[in-house]
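See structure below.
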Amino acid sequence: MTSSDVLNAVFEHIEANRTSFLDRLIDYLRHPSISAENVGIVEVGALLVEMLTGIGLESSLVPTAGHPMVVARWEKAPGKPTVVLYGHYDVQPTDPIEKWHTPPFEPTIRGGRVYARGAGDNKGQHFAQILAIESHLKVHGALPCNVILLLEGEEEIGSPNIAGFVRANKNILKADLAVTADGPRHASGAPVIKFGSRGEVSFELRCRHANSDLHSGNYGGVVPNPIWTLVHLLGTMKNADGEITIDGFHDEIEAPSQEELTAVKRLPLDIEAFKQKLDLSRLDAPEERPFYERLCFRPTLTINGFHGGYGGAGAKTVLPSEAFAKCDIRIVEAQDPSDIFRKVADHVERHAPDVQVVALGEMFPSKTSISSPFTAPLCRAFVAAQGVEPLLIPAGFGSLPGYVFTSILGIPAFVTPYANHDEANHAPNENLELNCYYSGIRTGAALLHELGLLQLHVREGNEA
């Protein structure tokens, strides 16, 4: 049997089981697993262990300081690479529940999509990986390469315990590469391979002056206004030209390589269609900065929310006593979240010492070289499964805990999203196109097949 015959037999199995694979996904999506509310986490973790053991993997639910990790493995392919397949079984809360067209944990098929919380983020995508593993085992009785499946229960609350878990369990996570199926495809519909993720620093600015709200006529101009204090402070952190002006903020940023710049120039872009879709008259400053360079290579400072004073109907001439702003900074490779938070705190101390800075969370960035020896087999897997070359994105725009693989385990890490671009992850009516689901299973199967064609010596050159 030729190599192509081996993979085609798996593809035929996947095609023959489309109905049962969909039924099983629907059943999986019925089980809530909301990490932020501690709803269903232990139950879904146990369900996964039972499922994975049933398909032939050595599986366990491993405790952490928070929610448990599901770890499953098949390591019976000596001389072949070992891949960590990462995903997360926790999902976002369902609020605002009134905006869902159908109940979030009653999966519904409409227009070729399954609608449910977790459909795209991330149950549907890692379930596709599981079915790819199962399909190889059903057809051939073995996997082409060694696999460690790592499913986290806290990704949607910032992965607070994954770094400690990985450090403490390096011996059971030894691998040659890590692959995460999470996030959406490119807006054009094309498949993508992402070579990293931006990190994140979240914080809150709190300001309180008087001990109660006051009459703006009797006290305005005498008592300081906490909203103005925060407005002026924020204005010192990012100027009207779009430049982040925190001292030392840019010191550690590394310039993109020519290979990375070439990759982003190849990404499809209809900027006018993008603006029209969002009813935008312009992009954020500086307007001359290339679109994808902003998202791959530049850090950002975002005001997520600004609260204080009167927000009801009509006017109320009040001078508020307190205000707060929630912010996040997306950081790029070589920036350290703790260092960035310290620089923010130092900046606030200099410009507004009566404002309190409260850390809310952090995540390190991650990055893998586009020239990794695993890039070519991953690309071949997409071509075999989907018939098209994937787009190469040097760094993902959001944040994922890929740094635990690149920085702690010292292996290259890739993100291969299977979901449709408009999956509405984190929003009401989250969904997954059925075609994306099935092509995800095929791609996962092709990925294992292509890795199985490699020899273990690849490990010698896999440092990213």
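Cross-link list Lys76/Lys194; Lys194/Lys265; Lys326/Lys367; Lys194/Lys343: which exceed 18 angstrom alpha carbon to alpha carbon?
Numbers: Lys76/Lys194 29 Å; Lys194/Lys265 15 Å; Lys326/Lys367 27 Å; Lys194/Lys343 29 Å.
Too far apart for the 18 Å limit: Lys76/Lys194; Lys326/Lys367; Lys194/Lys343.
Tell me, what is the 1.4 Å probe accessible area of Asp339, in Å² to the nearest 10?
About 40 Å², ignoring ligands and nucleic acids.
How large is ³J(HN,Hα) for each residue in the stretch 168-185, as worked out from phi by the Karplus curve 6.51 cos²θ - 1.76 cosθ + 1.60 (θ = phi - 60°), to whole Hz, x for Gly and Pro?
Computed from phi, the couplings for the stretch 168-185 are 6, 10, 4, 5, 9, 10, 5, 7, 9, 7, 10, 10, 10, 9, 7, x, x, 5 Hz.
With unit charges on the beta carbons (Lys and Arg positive, Asp and Glu negative) and the dipole taken about the Cα centre of the chain, which residue among Thr64, Ala190, Ala395 sits farthest to the positive side?
So the residue furthest toward the plus end is Ala190.
Please sort through the DSSP H helices of the chain and keep those with an alpha-carbon extent of at least 24 Å along the long axis and a Kyte-Doolittle average not below -1.0. Intermediate results must be reported in sequence, preceding the final value.
Details: long enough: 123-140 (25 Å, -0.11); 434-452 (27 Å, 0.31).
What comes out of the filter, once short or polar helices are dropped, is 123-140, 434-452.
What number, in percent, do you get for the relative contact order of the stretch 1-121 if the mean sequence gap of Cα pairs under 8 Å and at least 6 apart is divided by its residue count?
23 percent
Which net charge results for the neighbourhood of Thr64, defined as the other residues with beta-carbon distances under 14 angstrom from its beta-carbon, given Lys and Arg at +1 and Asp and Glu at -1?
Net local charge, Thr64 excluded: -3.
Suppose all protein chains stay in the model; what accessible area per residue would a 1.4 Å probe give for the chain, in Å²?
Counting only protein heavy atoms, the per-residue value for the chain is 43 Å².
Report, please, the projected area of the chain averaged over directions, based on the convex hull of its C-alpha atoms, in nm².
Mean projected area of the Cα convex hull: 24.0 nm².
Based on DSSP H runs of at least 4 residues, each adding -39500 (n - 2.57), what is the mean residue ellipticity at 222 nm of the chain after dividing by all its residues, to the nearest 500 deg cm²/dmol? Please list the in-between numbers first.
On the way: 13 runs with 149 residues, N = 464.
Taken over the chain, the calculation gives -10000 deg cm²/dmol.
Using packing as a proxy for protection, rank 306-315, 391-400, 241-250 so that the peptide with the highest average count of other Cβ atoms within 10 Å comes first. Mind dumping the intermediate values first?
On the way: 306-315: 10.7, 391-400: 21.7, 241-250: 14.1.
Highest mean packing first, the order is 391-400, 241-250, 306-315.
Using 0.36 nm per residue, how much length does the chain from Ser212 to Arg30 gain when fully extended, once their Cα-Cα distance is taken away?
Working: separation 182, 0.36 × 182 = 65.52 nm, distance 4.76 nm.
My answer for the length gained is 60.8 nm.
Could you tell me what percent of the accessible area of the chain is made up of carbon and sulfur, with a 1.4 Å probe and every protein chain present?
Result for the chain: 51 percent of the exposed heavy-atom area is carbon or sulfur.
Quick one: Karplus J couplings for the stretch 90-105, per residue in order, coefficients 6.51, -1.76, 1.60, θ = phi - 60°, nearest Hz, x for Gly and Pro?
Rounded to whole hertz, the list is 8, 10, 6, x, 9, 4, x, 4, 5, 8, 7, 6, 9, x, x, 10.
List the aspartates and glutamates whose Cα lies under 16 Å from the Cα of Lys80, skipping any in the same chain that are fewer than 8 positions away.
Correct list for Lys80: Asp176, Glu450, Glu460.
Using a cut-off of 15 Å between beta-carbons, work out the net charge of the residues near Gly120 (Lys and Arg +1, Asp and Glu -1, Gly120 not included).
-4
Given labels modelled 7 Å from the Cα in the Cβ direction, how far is it in nm from Gln258 to Ala273?
Distance between the two pseudo-spin positions: 3.2 nm.
Using 1/(1 + (r/R0)^6) with R0 = 22 angstrom and r between the beta carbons of Asp251 and Arg167, what's the FRET efficiency to the nearest 0.05? Before the final figure, lay out the partial values.
Details: r = 27 Å, r/R0 = 1.22.
Calculated value: 0.25.
Mark the label point 7 Å from the Cα of His426 along Cα→Cβ and return the residues of the stretch 113-131 whose backbone N is within less than 20 Å of it.
Those under the cut-off are 116-126.
Could you check the simple spin-label distance between Leu453 and His101, using points 7 Å along Cα→Cβ, in nm with one decimal?
So the two model labels end up 4.1 nm from each other.
Using the Karplus curve 6.51 cos²θ - 1.76 cosθ + 1.60 with θ = phi - 60°, what ³J(HN,Hα) values do you get for each residue of the stretch 357-365, in whole Hz, with x for Gly and Pro?
Result, rounded to whole Hz: 10, 10, 6, 10, x, 8, 8, 6, x.
So for the chain: antiparallel DSSP bridges make up what percent, rounded to the nearest 5?
70 percent
Ordered by packing density, taken as the mean number of other Cβ atoms within 10 Å over each peptide's residues, highest first, how do 117-125, 147-155, 344-352 rank? Walk me through the intermediate numbers first.
On the way: 117-125: 28.0, 147-155: 25.1, 344-352: 16.0.
The most tightly packed comes first, giving 117-125, 147-155, 344-352.
The values are calculated or read from the model by the stated rules, or taken from the named source; none is laboratory data. As the structure is a computational prediction, the values presented were derived from the model and not from experiment. Every residue, glycine as well, gets a Cβ built from its backbone with ideal geometry; the counts of neighbours run over all protein chains shown. Side chains are part of the model used for accessible areas, which takes the heavy atoms of the whole protein and leaves out ligands, DNA and RNA. Shrake-Rupley method; radii C 1.70, N 1.55, O 1.52, S 1.80 Å.
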